[in-house]
Amino acid sequence: MAVIWLPGLPDEENQMRYLPEIFANNRQWAETIQRERPGYLPGLDAPQSPRILWIGCSDSRVPANEICGLQPGEMFKHRNIANLVRPDDPNCLAVIQFAVHTLKVRHIVVCGHYRCGGVHAAMDAAGAGALDGWLSPVRALGEREAPTLSRLEDSDDRWNRLCELNVIEQVRQLAALPVISKAWDEGRQLSLHGWMYEFHTGLLHDLATSTSGPGEPLPA
Ligand code: CO
């Protein structure tokens, strides 16, 4: 059994320290899959070949695989606050390079979500922490788009529109990366997409920002 449980400690203390309920859930999950799809988990020992790279927000309310109906092995993922593609972020660039040139994914989805806390924070005055630095491109985008956003009367509408504009901007950033141009130059089939996820309906929306090559214009 993979659960740590110190007999000398009160149950509550054990639960607080070692999260045994997570291990119980995990055992149940693994047993269910083994029962319903025998051979599936052992099959994942083979090299992965996902078709899609997902770049999404870290938000706990956006469970990427579940909302897409995909199983382990079917989607490679990179997540950060506000689903940013920053050319100065070695973590994101390494994920994209590996996904595109090693795994040879066919699609990259930048998926934002409405009511994104990261986007909201970027609409406030900048502070001095790491999060503020991370969100600086969203803050700059909000300032650039201020004339359009200010036409929306409702502050939630402005927030949600900036969430959408942020995704469109990230698809643009993605399309401009040398690692992507290289794949297109090699004649590889690789499409970029901008999607939004809505909590209260559980539905994904395509922002129609898809592009499959350098010649295809992205919407303004
Ligand atoms: Co978010």
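The values are calculated or read from the model by the stated rules, or taken from the named source; none is laboratory data. Only a predicted model underlies this, so the values are computations on that prediction, with no experimental measurement involved. Don't worry about glycine lacking a Cβ; one is built from the backbone with ideal geometry, like all the others, and counts go over all protein chains shown. Quick note on the areas: whole protein, heavy atoms, side chains included, nothing else; ligands and nucleic acids left out. Shrake-Rupley method; radii C 1.70, N 1.55, O 1.52, S 1.80 Å.
Summary of values
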| item | result |
| --- | --- |
| Sparsely packed trypsin sites (Lys or Arg not before Pro) within segment 96-158, loop by DSSP, other Cβ within 10 Å at most 10 | Arg151 |
| Whole-percent carbon and sulfur share, accessible surface of the chain, 1.4 Å | 54 percent |
| Most mobile of Asn80, Asn25, Asn65 in a GNM of the chain (Cα contacts under 10 Å) | Asn25 |
| Most fluctuating residue given options Leu131, Leu84, Leu192, as computed from a GNM of the chain linking Cα atoms under 10 Å | Leu131 |
| Backbone N within segment 51-65 under 15 Å of label point (7 Å from Thr32 Cα along the Cβ vector) | 65 |
| Cubic angstrom per residue, convex hull over Cα atoms of segment 75-172 | 100 Å³ |
| Directionally averaged shadow of the chain, computed from the convex hull of its alpha-carbon atoms, nm² | 16.3 nm² |
| Rg/Rh for segment 1-46, where both radii come from Cα atoms and Rh is the Kirkwood radius | 1.17 |
| Pairwise centroid distance, computed over Cα atoms, of segment 103-171 with segment 66-95, Å | 17 Å |
| Thr209 long-range amide H proximity, modeled H, under 5 Å | Gly194 |
| Length released on extending from Ala24 to Ser49, taking residue separation times 0.36 nm less the Cα-Cα span | 6.1 nm |
| Selected from His113, His78, His101 as most flexible by GNM, with the chain as the system and alpha-carbon contacts under 10 Å | His101 |
| Probe 1.4 Å, protein heavy atoms only - accessible area per residue of segment 1-121 in square angstrom | 59 Å² |
| Sites Ala94 and Arg151, calculated FRET efficiency, Cβ-Cβ separation with R0 41 Å, nearest 0.05 | 0.55 |
| When the convex hull of its Cα atoms is projected in every direction, mean area for segment 65-131 (nm²) | 5.9 nm² |
| Loop sites in segment 1-61: trypsin sites (Lys or Arg not before Pro), DSSP, at most 15 other Cβ within 10 Å | Arg51, Arg61 |
